[in-house]
Each structure stands twice: as C-alpha cells, then as structure tokens.
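Written below as structure tokens is the structure these notes are about.
The values are calculated or read from the model by the stated rules, or taken from the named source; none is laboratory data. Given the structure is predicted, the values throughout are model-derived calculations rather than measurements. Glycine also receives a Cβ, built like all others from the backbone with ideal geometry; neighbour counts cover every protein chain displayed.
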Amino acid sequence: MTIEMITEKLTGPGVWYRSEIQDDQSWIMRLDGDDVAEIDAALAAVKQAGLPIPFPASAFPLPTVAKKIDALIDFVSHDKGLTLVRGLPRERYSDDDCERIYWGIGVHIGTPVSQNSRGHVLGHVRDEGRSINDPSARPYQTASKMDFHCDLMPVDILGLFCDRTAKSGGESYVVSAQTVHNVMLAERLDYLEALYQPFNVDWADEEPPGTQPWYTMPMFSAHGGKVTSRITSRRFVQMVTRHGELPGLTHEEATGTAKMVFEASDRFLGRTSNLVRILGAHSPYLARWFLGSVGAVRQPGLGATTDARLRGLANIKTSMANACTYCTAHTSIFGQGLGITEEELEALQTDAYKTSALFDEREKAVIAWSEAMTNNTAQRDKETWEAMRRHFNDTEIVEISMACAMFNMINRLNDSFWTELETEDYNRKQWNAVEGLSVEESEAYAARFAQVGAAERQAEAAAE
C-alpha cells in the first residue's frame with residue numbers, strides 16, 4: 001500500500017510560530033454588549049421552556065451572533081486553525097447556565113459528537129482525583145500535566161469553555177501542527193516518515209464491544225494535498241503494552257537508535273526478528289546492547305571462537321527444553337544454515353540424542369550441559385560437568401554456557417511477550433549472516449551506535 005505523504009513545505013496562514021501570533025488579534029473573537037444580550041435572551045428562552053441538554057440550535061436563537069460563528073468556522077477551517085472567544089461575563093452565570101450557553105453556541109457550529117464510551121457530548125475537564133497511572137483514566141480527569149496532543153474524535157472543530165481559573169497551573173498551550181510538520185520535514189525527515197505510518201493506540205478501556213483494546217492510525221496523513229494531524233498523547237501509545245501483545249516497530253517507523261538496531265540486525269543476523277522490533281520500540285538503548293550480545297555469542301566470526309555448530313546445538317536444545325515455540329523455530333532454521341539436519345533436530349527433541357550416532361561425544365556433552373543449565377541442575381550434575389571438562393577448555397565452556405544462558409533469557413522474553421512468529425521464508429534470511437561477516441564490521445557499527453546515542457541524549461536533554 002502506498003501512503004500519501006506531503007514532502008513539500010506547507011504554506012499558508014495555518015503555519016505559524018508563537019512570536020508571529022501572540023500579539024495578533026485576528027484569531028481573537030470578541031463578544032460585544034449586543035452579542036451578550038442576544039446570548040442572554042437565548043439562554044432565558046431555553047430555561048423558560050425547561051429544555052435540558054441536548055437541545056437543537058433552533059431552541060437557542062442567535063440571529064446576529066450566528067454570523068460571527070460562521071466567520072469563526074471559516075477562520076478555524078481555512079486560516080490559523082484556532083479562535084479564542086472573549087467577552088462573556090462569567091460572573092453573571094451559574095455553572096448550569098454556562099453549560100447551556102456553551103451547548104447553544106456549539107450546536108450553531110455543528111453537530112455534537114460523543115468523546116467517550118459513556119456518550120458524553122459535553123464533558124468536564126477537572127481533577128477527579130484519578131491517577132495518570134490508571135489506564136482507564138483520561139488525563140483531563142487527573143491533576144497531571146498533559147502534553148501537546150490532538151483530541152482524537154471524528155470532528156472538524158473542538159471547543160473548550162473556561163469555566164473558572166484553576167487554583168494553580170491550568171494554562172493552555174497551542175501549537176501549529178503544520179509548523180511541526182515543516183520543522184520535521186526540514187530537520188528529521190525520518191521522524192516525519194515514521195509519523196505517517198500506523199501506530200497502535202490504546203482505547204483506555206473504552207473500546208467498542210467485540211473489538212481489540214487498541215486501534216491503529218497514523219499521526220499524520222495526507223489527502224488531496226492537505227495534511228491532517230492526529231498526534232495523540234504518548235501515554236496512549238505506550239499503554240498498549242499492558243495488553244500482553246507488545247507491539248513492535250516496522251523498519252519504516254524506526255528512527256534513531258532503533259533504526260540502527262534494525263539495520264545492524266539485518267546485517268549481522270540476516271533479518272530483524274519481532275523480538276528485536278519490540279525491544280527497539282520500547283527500549284532502543286537496551287536493544288542495542290542486546291543485539292551486540294546475541295551477535296557475538298551466536299554468529300560465526302563475531303566474537304566467540306567456539307565452533308558455531310556447537311553453540312547452535314546449545315541454542316536449539318535450550319529452546320526445546322523451555323518449550324519456546326518461537327525460539328525453537330528460530331534456532332532450528334538457523335541451525336539448518338549451520339548444517340544441522342532434520343534428523344538431528346528430531347533427535348534433539350527428546351533424550352534420543354544421548355545414544356544417537358548423529359552426534360559425536362563433544363556434541364552430546366554440549367546438548368546435555370545446555371539441558372542441565374536450563375533445568376538449573378548443572379551445579380549438581382557432576383557427570384555432565386566432567387564431560388564438559390574432558391572435551392573443552394575454559395574459554396569454550398564459557399562461550400557454550402553463554403549461548404545457553406542467552407537463549408534462556410530470549411526464551412522467557414518471547415514467551416512473556418507473546419511474540420508473534422515470523423514466516424519461515426523470512427527467518428531463512430538468517431542464513432545470509434552465517435558467513436562473510438567480521439568483528440571489525442561489528443565494531444564499526446558499535447561506533448556508529450555511540451554517535452547516534454550521544455546525539456539522541458543531547459536532544460532529550462535540550463527538550464527538558
């Protein structure tokens with residue numbers, strides 16, 4: 001599927017910086033005395049009729065103010081994208097009166113749409129004592145600071161009514177999404193490209209019946225040469241991980257360290273596994289070190305000096321002993337690239353390997369040692385330990401043990417994350433990394449990681 005993307009600098013009145021509009025009065029709509037009188041008359045009519053919210057625009061007549069509302073709609077839609085309405089004497093009205101006035105003006109703007117599963121078309125932004133750590137809580141129900149975001153409702157215009165000044169804090173900030181788009185286009189095209197890709201967003205326990213607890217959408221999209229922004233709070237993207245199936249990044253979504261991790265994985269492991277995609281999405285710095293360890297321990301010629309087949313047998317037996325379907329598939333396919341046969345794989349599934357003529361005594365010692373380490377009986381299994389000492393030197397024992405320990409960790413990660421297994425054809429790309437790579441290439445990548453990581457930390461510090 002081809003994703004339409006705006007790759008030219010956006011122009012027009014919707015592109016602005018704070019310095020350009022903070023003293024500009026064009027985006028401020030002021031209600032005069034006649035406007036307020038008309039609103040008061042409409043409020044009185046609604047109250048006299050005893051009409052509760054929701055009531056139609058015809059019940060709240062604004063013959064003159066409606067012209068200003070039409071101009072407001074046009075300005076928001078085709079100019080700076082926002083309008084501040086001032087001049088309503090708040091002290092004159094009760095809270096219920098404010099709700100009726102806000103609703104009455106709103107239904108002249110358009111058709112109200114619910115913003116939550118409770119069907120609220122008129123909600124309250126107030127601290128309800130809820131915690132931002134509660135996944136079912138909306139940020140506006142807490143006392144926590146909210147980051148820049150778009151309210152993700154199927155509407156063209158969103159409104160807020162300031163009922164009263166907060167005791168502390170409560171300031172509202174606005175930013176032009178078109179300006180953000182331009183800055184990213186000029187400075188970080190890779191970030192902008194990622195934001196045009198689908199993101200998993202948590203429903204915050206308000207998903208429609210029978211659907212999964214998250215939905216997928218891009219942060220930016222384009223149609224007919226126009227851009228739409230749906231940049232939501234990071235919290236809703238991060239919360240998806242609570243549902244067990246941790247979402248990973250695609251190559252197109254990955255940026256910075258995560259992007260380099262994927263490139264290195266393709267180069268040194270033949271492809272990027274879904275586990276690496278998960279780690280890159282949620283902890284790219286750890287993913288960087290994880291990848292280096294996996295490559296050094298597992299791959300031929302990238303650090304470990306032991307026969308790669310021996311380490312491959314250790315990885316396979318460990319994964320089988322842990323009953324990790326994902327890792328057994330991975331290690332078996334990689335093992336085939338190292339020359340391990342279907343018959344040998346079958347013998348590894350049980351104790352048949354112990355008497356099989358398919359394996360020599362060194363290989364049987366490695367398989368038994370891996371099984372003992374995985375079952376946490378190695379310390380008490382003197383016979384298996386003595387076999388390892390007979391056949392291997394200290395370096396070889398450490399490297400084989402590292403291979404087993406590495407896949408015990410990987411097995412548990414994949415089982416705990418419910419990692420989805422890739423296709424067999426995709427995983428056969430591991431064979432591309434069996435030969436032809438060097439420690440020097442690995443170290444060159446490590447140097448690049450250090451540079452990118454330093455730049456990202458500097459950017460994060462500057463943002464704080």
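Answer with yes or no whether residue 300 is modelled with pLDDT under 90 and touching a strand residue (DSSP E or B) at 6+ places or on another chain (Cβ under 6 Å).
So residue 300 fails the test.
Within region 265-275, is even one residue touching a residue at least 24 places away in the same chain (Cβ under 8 Å), closer than 25 Å to residue 337 by Cα and within 15 Å of the chain's Cα centre (by Cα)?
Looking for residues that are touching a residue at least 24 places away in the same chain (Cβ under 8 Å), closer than 25 Å to residue 337 by Cα and within 15 Å of the chain's Cα centre (by Cα), one finds at least one in region 265-275, hence yes.
Identify, please: which residue in region 22-42 is under 30 Å from residue 180 (Cβ atoms) and surrounded by 17 or more Cβ atoms within 10 Å (Cβ to Cβ) and is, among those, nearest to the chain's Cα centre (by Cα)?
Result: 27.
Please count how many residues of region 141-154 are loosely packed, with under 14 Cβ neighbours inside 10 Å and not aromatic (Phe, Trp, Tyr).
5
Mind checking which helices (runs of 4 or more DSSP H) fall wholly inside region 285-386 and carry at least 1 residues that are in contact (Cβ under 8 Å) with a residue 40 or more places away in the chain and either basic (Lys, Arg) or buried (at least 21 other Cβ atoms within 10 Å of the Cβ) (or both)?
Filter on region 285-386 gives 308-321, 325-337, 361-374.
Any chance you could count how many residues in region 401-430 are closer than 18 Å to residue 295 by Cβ and touching an Asp or Glu at 6+ places or on another chain (Cβ under 6 Å)?
Residues flagged as closer than 18 Å to residue 295 by Cβ and touching an Asp or Glu at 6+ places or on another chain (Cβ under 6 Å) within region 401-430 amount to 0.
Within region 262-277, is even one residue more than 20 Å from residue 429 (Cα to Cα) and in contact with a Gly (Cβ under 8 Å, 6 or more places away or on another chain)?
Scanning region 262-277 turns up no residue that is more than 20 Å from residue 429 (Cα to Cα) and in contact with a Gly (Cβ under 8 Å, 6 or more places away or on another chain).
Condition (residue is part of a loop (DSSP other than H, G, I, E, B) and surrounded by 13 or more Cβ atoms within 10 Å (Cβ to Cβ)) applied to region 103-112: is it met by at least one residue?
Yes, region 103-112 contains at least one residue that is part of a loop (DSSP other than H, G, I, E, B) and surrounded by 13 or more Cβ atoms within 10 Å (Cβ to Cβ).
Could you pull out every one of the helices (runs of 4 or more DSSP H) wholly within region 390-464 that has 3 or more residues that are loosely packed, with under 15 Cβ neighbours inside 10 Å and at pLDDT 85 or above?
394-417
Based on what the data block shows, is residue 170 in contact with a helix residue (DSSP H, G or I) (Cβ under 9 Å, 6 or more places away or on another chain) and loosely packed, with under 14 Cβ neighbours inside 10 Å?
Judged against the criteria, residue 170 is not a match.
Looking at (1) more than 27 Å from residue 12 (Cα to Cα); (2) in a loop (DSSP other than H, G, I, E, B), which is the only condition residue 140 fails?
It is condition (2) that residue 140 fails.
I need a count of the residues in region 296-317 that are under 25 Å from residue 418 (Cβ atoms) and in contact with a Leu (Cβ under 6 Å, 6 or more places away or on another chain).
2
Please pick out the residue among 225, 280 that is over 14 Å from the mean Cα position of the chain (by Cα) and either within 26 Å of residue 2 (Cβ to Cβ) or of a type outside the set (Asp, Glu) (or both).
Every option except 225 fails the conditions.
Could you tell me whether any residue of region 217-226 is modelled with pLDDT under 85 and part of a loop (DSSP other than H, G, I, E, B)?
no
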